[in-house]
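To start, the structure under review is shown below, and the notes come after it.
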Amino acid sequence: MKIIIVGGVAGGASCAARARRLSEEAEIILIDRGPYVSFANCGLPYYVGDVIHEEENLLVATPELFKNRFNIEVRLENEVANISRDKKTVEIKDLKTGRVYVEPYDALVLSPGASPIKPPLPGIESEGIFVLRTIPDSRKIKQWITEKKVKSAVIVGGGFIGLEMAENLSLFGIQLSIIEMQTQVLPPFDPEMASSLHSHLKSHGVSLCLGEAVTGFEKNQDSSITVMTKGGLKMKSDLVILSIGVRPEVKLAKECALEIGQRGGIRVNEHMQTSDAHIWAVGDAVESRDFITGEWITVPLAGPANRQGRVAADSIFGRTTHFRGIQGTAVCKVFELIAALTGANEKNLKRLNIPYQKVYLYPGHHAGYYPNAKPIDMKILFSPKDGRILGAQAVGEEGVEKRIDVIAALIQKNGTVYDLEEAELCYAPQFGAAKDPVNIAGMLAANALRNDAPLAHWDQIDFKNVFFLDVRSSEEYSAEHVENAVNIPLDKIRENISALPREKEIYVYCGVGQRGYYAVRALRCNGFNAFNLSGGMKSYKAFTNQGLPTVKKVMQ
Ligand code: FAD
């Protein structure tokens, strides 16, 4: 068995190592056109920011390690130029010598990754405009910063890499602007969950131009670049980072007529096998099934690429391991904030007409009585039919990714909000709470499904015809409240219950939803038709920041 693997980073390297663990006899050759094998592209922004000082720290493995430990031959700066499916051979060009040679295979694995999108805009090839995908890319950015004494930078694209670059470039005191075509950063999140990221970025001096599309670049005499937008903005800066997404690298696959899917990635089955039974494909180059919606998607993440590499190796040796699909579980650090998510977002559930219910909550990351508890903004999406968890998003300073990881694992097992209620998680005051945020999320959602404490949402109610009950203190109410809301503080509910209308639906809110929940229970036990406005005033503000038309201004 001779296995040739194209691409020696996340998916390819993982496939090669797994293949060796399954067979001592197979000949395994790992080919990469770049100068490194198995490097940490996820660490590149931190190398640019000098948080990771040494380039060699980015090298997870070397060709020598592959040879000595796994008996895998690594050929760097060798490019696979052609695949002959009939002959089961690949044509390879040695980029150092120019020599072209042919290598036969029994099994071929494609893990060529994805290439950064560079739209054909005027001036896009100008000096000083960079993408970030490889170690040489990051080296060039570092060099430019030093040589040109960069003082300002424009980042085009406010996705994960764009925000990571913002944080790292800020470490050099560089004045930063982010231009993003959508009206929010981190588009996989729902807009109201991204709103705290916007204020946080601004508090760090990052200027945000949201809803603006870049139309071109102009190189100036002094080596700076002017970035132009559709809305007429002209922003001069010393450095431009393009981080507007990636496109699956499918040139080889297309040229040998492998099936390409509707999202532009290589089409594979659950064993990562392409339309040719002797060719497998993994990682950023392939389309996968969305674990929740079942749609074909391309999601460039290291975790799925690694797991798919293992599945492909298993499949080559006849094992029936299958890839379960992608949930899009991801995390990003944005200065002091951490934003993490898993599963479907509300935008996609709406687009696909998948029924959902949602809950917002803002629990502390650990017990409130222990110093420095930090709130986590959480949103959970679930099926109204059976409580199956569809997705979760969280933003906060601490303990964010731990909550999303727990929920992600439960989603893999088709878990429900009732499972979140029951999850037994670590607790000591420094780390969590006896009712962990994950449990509370489950309880709120399950309470709504059981109709014990039905939820309402600011973006879904008719403000003109709703009876609002504000159960916060009179001081909080005086500071700000929703127009026409009646204020009865929670502790005075029972003595004032006769003042409330029995014939109307009552929409209760408080600061974050907890007092609202207690009030709703008291009212429902007294026969009122009460709903808790999920997330209270905190959600309201997240929505008003997004300028939703249904939400009116808070009276001061
Ligand atoms: P890659 O890792 O891109 O490897 C593809 C390799 O194939 C390349 O080395 C390329 O040179 C080689 N190649 C392509 N064509 C040929 C050919 N014809 N012949 C020979 N070699 C070829 N993901 C996360 O989950 N978390 C993160 O924090 C994160 N941060 C990231 C930060 C940055 C800056 C970048 C760029 C990516 C980040 N990712 C992150 C994404 C993650 O790195 C990718 O999803 C993952 O590396 C994909 O693995 P892959 O094997 O498909 O492709």
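Laboratory data are not the source of any read-out in this text; all were calculated from the coordinates shown. All of these numbers come straight from a predicted model, not from anything done at the bench. In this analysis, Cβ positions are derived from the backbone assuming ideal geometry, glycine residues included, and neighbour counts consider all displayed protein chains.
Search the structure for amide H atoms under 5 Å from the amide H of Arg133, placed 1.01 Å from N in the peptide plane, and list their residues when 5 or more places away or on another chain.
Here the answer is Ser138, since their amide H atoms fall under 5 Å of that of Arg133.
Give me the log10 of I(q) over I(0) for the chain at q = 0.09 Å⁻¹, as the Debye formula computes it from C-alpha points; what are the numbers?
Values, matching the q order: -0.77.
Explain nothing, just compute: Karplus ³J(HN,Hα) = 6.51 cos²θ - 1.76 cosθ + 1.60, θ = phi - 60°, for every residue of the stretch 211-225 in order, whole Hz, x for Gly and Pro.
Calculated HN-Hα couplings, in order: x, 10, 9, 6, 10, x, 9, 10, 7, 9, 4, 7, 6, 7, 10 Hz.
Report, ordered by chain and residue number, the lysines lying within cross-link reach of Lys492, taken as a straight Cα distance under 18 Å and ignoring same-chain residues fewer than 8 apart.
Excluding near neighbours in sequence, the set is empty.
Using 0.36 nm per residue of separation minus the Cα-Cα distance, give me the extension gain between Tyr101 and Glu475 in nm, one decimal.
Values: separation 374, 0.36 × 374 = 134.64 nm, distance 7.91 nm.
Separation in residues times 0.36 nm, less the Cα-Cα distance, equals 126.7 nm.
With N residues in the stretch 38-141, what two-decimal value do you get for its Cα radius of gyration over 2.2 N^0.38 Å?
1.34
What pairs from Lys350/Lys385; Lys347/Lys374; Lys202/Lys347; Lys350/Lys413 go past 21 Å between their alpha carbons? Before the final figure, lay out the partial values.
Details: Lys350/Lys385 16 Å; Lys347/Lys374 28 Å; Lys202/Lys347 25 Å; Lys350/Lys413 23 Å.
Violating the 21 Å Cα-Cα cut-off are Lys347/Lys374; Lys202/Lys347; Lys350/Lys413.
Which whole-number percent is the relative contact order of the chain (Cα, under 8 Å, 6+ apart)? Mind dumping the intermediate values first?
Numbers: 1241 pairs, mean separation 58.7, N = 556.
The value is 11 percent.
Mind giving me the FRET efficiency for Ser223 and Ala81? R0 is 30 Å, r the Cβ-Cβ distance, nearest 0.05 is fine. The partial results should precede the final answer.
Details: r = 36 Å, r/R0 = 1.20.
Between Ser223 and Ala81 the formula returns 0.25.
For the chain, what is the charge dipole size about the Cα centre, in debye to the nearest 20, if Lys and Arg each add +1 at the Cβ and Asp and Glu each add -1 at the Cβ?
640
Treat each spin label as a single point 7 Å out from the Cα along the C-beta direction, and report the Arg450 to Glu483 distance in nm.
Roughly 3.8 nm, to one decimal.
So, in Å, what gap is there between the alpha-carbon centers of the stretch 65-135 and the stretch 462-493?
About 63 Å separates the Cα centre of the stretch 65-135 from the one of the stretch 462-493.
With θ set to phi - 60°, apply the Karplus curve 6.51 cos²θ - 1.76 cosθ + 1.60 along the stretch 408-421 and write out the HN-Hα couplings as whole Hz, x wherever there is a Gly or Pro.
Calculated HN-Hα couplings, in order: 4, 5, 5, 4, 4, 9, 6, x, 10, 5, 5, 5, 5, 4 Hz.
Using the per-residue mean of other Cβ atoms lying within 10 Å as a proxy for protection, in what order, highest first, do the peptides 270-277, 142-149 fall?
Peptide ranking by packing, descending: 270-277, 142-149.
Calculate, in nm to one decimal, what Ile124 and Asn57 gain on full extension: separation in residues at 0.36 nm each, minus their alpha carbon distance. Can you show the working numbers first?
Numbers: separation 67, 0.36 × 67 = 24.12 nm, distance 3.14 nm.
Answer, rounded to one decimal: 21.0 nm.
Any chance you could check the Cα centroid distance between the stretch 276-301 and the stretch 388-455 for me, in angstrom?
28
How do the peptides 469-478, 18-27 rank, highest first, by the average count of neighbouring beta carbon atoms within 10 Å per residue? Mind dumping the intermediate values first?
Working: 469-478: 18.5, 18-27: 14.8.
Top to bottom by mean Cβ count within 10 Å: 469-478, 18-27.
Full extension from Asn526 to Glu495: what is 0.36 nm times the residue separation minus their Cα-Cα distance, to one decimal in nm? Please list the in-between numbers first.
Working: separation 31, 0.36 × 31 = 11.16 nm, distance 1.22 nm.
This chain segment gains 9.9 nm when fully extended.
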